[in-house]
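The values are calculated or read from the model by the stated rules, or taken from the named source; none is laboratory data. The structure displayed is predicted, hence computed values, not measured ones. Every residue, glycine among them, receives a Cβ derived from its backbone with ideal geometry; neighbour counts consider all protein chains shown.
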Amino acid sequence: MLSKIVVLFLVFMGVLAMFGKLHWIGGKRLSKAKCDCGRYRIGKGPCACGRGKS
């Protein structure tokens, strides 16, 4: 019984990981919000490192 619970938990976690890799929700918008240095920009101002997209 315990092994069934563990297997179902691992399958559930695997399915969640696959959905997380798909980037369905806001994936394009989040990729545009990244600076050239890899940090996420918050708001409409320039990047914190000073060399990225403005």
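Among the residues of region 1-34, write down those that are assigned to a loop (DSSP other than H, G, I, E, B) and at pLDDT 80 or above.
Across region 1-34, the qualifying residue is only M1.
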**K44, sole failed condition from (1) surrounded by 10 or more Cβ atoms within 10 Å (Cβ to Cβ); (2) among the charged types (D, E, K, R); (3) modelled with pLDDT of 75 or more** = (1)
